[in-house]
Amino acid sequence: MTKLLIIEDDEQTRENLELILDMEGYAVRAAANGSAGLALARADRPELIICDVSMPELDGYEVLRQLRAAAETADIPFIFLTAQGERHHQRAGMNLGADDYLCKPLDVEDLLAAVRARLQRKRENYDAALADAGPDFSSPKPLEALGLTVREADVLLWVSQGKANSDVAIILGMSEKTVKIHLGHIFEKLSVETRTAAALHAIEALSRGGISKA
């Protein structure tokens, strides 16, 4: 399920956005200020962020600056949401690397269209980068940079190549139960719930072009 993060200090707007996006099948998390939103973005690595500009703690511009400055969050699509419709506010957001700019009051279809477009663009960019720099499965060492132990990296290397738990157990000389335990730790560390999502993180880390994590 695609993970989205809403950063919005107005409670009613935040709840409305959560409801709309939840009904569209997205996994939505929300924060009531910039500091909390930045912490969630770093911990959860959402696939897209919708962020208000004027907020307590940190405003939206500072949230975006800090996200773009860190490699692990630099490529997350970012949509500004604000009542400030003046052109200079939009220009400021775009100059910082925002992907889109929506003004309140929101039209639901405009919101959903913007979300879909930005997610699609990210997938296209990822596919193009992967085509140019395919993953190198010769060593599990790059996977340790994801916070994995040596053995967990070994397991994920083979999982990312489509191997079943039984196959991984034979290849690595461990029991299938041990493979499952390692996978559980991998899922927790990568904040994912499926083998496919874990494999995607692995392929990104193993890509010779150095594609950053989604």
Query raised in the report: Within the stretch 27-45, which residues are without any contact (Cβ under 8 Å) to a residue 40 or more places away in the chain and in contact with a Leu (Cβ under 8 Å, 6 or more places away or on another chain)?
Result: 27, 28, 29, 30, 31, 33, 34, 35, 37, 38, 40, 41
Query raised in the report: In the stretch 161-192, what residues are closer than 22 Å to residue 73 by Cβ and touching a residue at least 12 places away in the same chain (Cβ under 8 Å)?
Result: 186, 189, 190, 191
Query raised in the report: Regarding residue 119, is this residue touching a residue at least 12 places away in the same chain (Cβ under 8 Å), closer than 27 Å to residue 190 by Cα and hydrophobic (A, V, I, L, M, F, W, C)?
Result: yes
Query raised in the report: Quick one: is residue 52 modelled with pLDDT of 90 or more, more than 21 Å from residue 198 (Cβ to Cβ) and exposed (fewer than 15 other Cβ atoms within 10 Å of the Cβ)?
Result: no
**Report entry** All helices (runs of 4 or more DSSP H) inside the stretch 144-214 with 1 or more residues being surrounded by fewer than 16 Cβ atoms within 10 Å (Cβ to Cβ), touching a helix residue (DSSP H, G or I) at 6+ places or on another chain (Cβ under 9 Å) and on the phi > 0 side of the Ramachandran plot
**Finding:** none
Query - In the stretch 79-95, the residues that are at pLDDT 75 or above and surrounded by fewer than 20 Cβ atoms within 10 Å (Cβ to Cβ) - result: 83
Query raised in the report: In the stretch 55-78, how many residues are of a type in the set (A, V, I, L, M, F, W, C), over 19 Å from the mean Cα position of the chain (by Cα) and surrounded by fewer than 20 Cβ atoms within 10 Å (Cβ to Cβ)?
Result: 1
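The values are calculated or read from the model by the stated rules, or taken from the named source; none is laboratory data. Only a predicted model underlies this, so the values are computations on that prediction, with no experimental measurement involved. Cβ coordinates were reconstructed from backbone atoms using ideal geometry, including for glycine residues, and neighbour counts include every protein chain displayed.
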